[in-house]
Amino acid sequence: MHDPRRFKRAFMERLLLSLQVAGLTSKSMGLRERRDAVRLSSDVAMASSRGRGAPWARALVARHAAERRNEALLRRIMGGSGYERAAAAAAGAAGRKEVRCRKIVRRSHRVCSSRRKRRSLAMAAPAAASGAMSSARRMVKGRLRLLRRLVPGAESLHGFSLLTETLDYVVCLKTQAAAARLQTCMRCVSGVHEKL
Amino acid sequence: MSSRRSSRGSISDEEINELISKLQSLLPNSRRRGSSQASTTKLLKETCNYIKSLHREVDDLSDRLSDLMSTMDHNSPGAEIVRSILRS
């Protein structure tokens, strides 16, 4: 995995830069717009510090790029080519999602009818032990499904790769929270200092 | 923990256990737990909750940060000190 200290430093630098570039000091910016810009800057700083090698990093940026209103800000932060890449990834993901949804609906129609038949047969005599095992497995599967929703870009990952991606993402997320805390503290302190 | 087929071929139990213990050590209040099926479920649940709480924390901090930035004077000496410390 990557070097955490280098990651944190790169993140802080990029965040500072993005916040400056985002023109957040302009008094004419609305509250909501400013908050979204800060969040976007933080996410892009985190993702670009991690590098395009991580699927979650690409997916996170693509998520922001999917919204038209973010285009101007993203272009300023990432540059034109960076934005184009992210927008293309967003479009690709949207297209794949649609195809996947249609396939899932068709498949579930088929499976549900055959599953109902199988279930009525299986209900006859399940062993107690295998019943307990399968309910635990179902719980694990349910949690994995939730994880897939929480980790950006993890919708199609399974088992080992899902967990390694989760591990990577959580490490960076912790740094994002720590960096945001540091930024907030510093600015708070400097604001207080000036009032004295 | 099911070892699914992946592009890497078969994954050893040690790799899986190592991954699980790494994940465990990331979580707050991590304690040594056995690697039974039940604690795998618990680990996954705690991971999901932790991710959600980190998301919330970053959201709250982004709010605070954006409020602070709207009231700051960016040309003041204080602001420059902040920037230089954050860059170091």
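Here, each number is a calculation from the coordinates, and none is a lab measurement. The structure presented is a predicted model; accordingly, all values stated were derived computationally and were not measured. Every residue, glycine as well, gets a Cβ built from its backbone with ideal geometry; the counts of neighbours run over all protein chains shown.
Note on B:Arg87/B:Lys45: beta-carbon distance plugged into 1/(1 + (r/R0)^6) with R0 of 35 Å gives a FRET efficiency of 0.35. Given their separation in residues at 0.36 nm each and the Cα-Cα distance between them, A:Leu17 and A:Ala88 gain 23.1 nm when the chain is fully extended.
Given a Förster radius of 25 Å and the C-beta distance between A:Arg110 and A:Ala136 as r, what FRET efficiency does 1/(1 + (r/R0)^6) yield to the nearest 0.05? Working shown, then result.
Details: r = 27 Å, r/R0 = 1.09.
Taking R0 as 25 Å, the efficiency between A:Arg110 and A:Ala136 is 0.35.
Shielding by partners for peptide A:155-164, expressed as the average number of C-beta atoms from other protein chains within 10 Å of each residue's C-beta, is 5. Ordering A:Thr175, A:Leu150, A:Ser41 by Cα displacement along the dipole of chain A toward the positive end leaves A:Leu150 in first place; charges were set at the Cβ atoms of Lys, Arg (+1) and Asp, Glu (-1). Per the Debye calculation on chain A with a single equal scatterer at every Cα and no solvent contribution, log₁₀ I(q)/I(0) for q = 0.15, 0.16, 0.17 Å⁻¹ amounts to -1.00, -1.09, -1.19.
Look at the alpha carbon pairs under 8 Å that are at least 6 residues apart: their mean separation over the length of chain A gives a relative contact order of 24 percent.
Tell me, what is the percent relative contact order of the stretch A:15-102, built from C-alpha pairs under 8 Å that lie six or more residues apart? Can you show the working numbers first?
On the way: 61 pairs, mean separation 22.8, N = 88.
26 percent.
Remark: spin-label model distance A:Lys97-A:Arg5 equals 4.0 nm, labels positioned 7 Å along the Cα→Cβ axis. Sequence-ordered 3J(HN,Hα) estimates for the stretch B:54-60 from the Karplus curve with 6.51, -1.76 and 1.60 and θ = phi - 60° stand at 5, 4, 4, 4, 5, 4, 4 Hz, glycine and proline given as x.
Please state the charge dipole magnitude for the stretch A:1-121, taken about the Cα centre, from unit charges on C-beta atoms (+1 on K and R, -1 on D and E), reported in debye and rounded to the nearest 20.
Numbers: 32 positive and 9 negative charges, 246 e Å.
I would put it at about 1180 debye.
Nearest 10 degrees is fine. How inclined is helix A:71-122 to the longest principal axis of chain A, computing both from alpha carbons? On a 0 to 90 degree scale, this one is about 10. Derived scalar couplings between HN and Hα for the stretch A:9-24 equal 5, 4, 4, 4, 4, 5, 5, 3, 4, 4, 5, 5, 4, 5, x, 6 Hz in order, rounded to whole Hz, by the Karplus curve 6.51 cos²θ - 1.76 cosθ + 1.60 (θ = phi - 60°), x for Gly and Pro.
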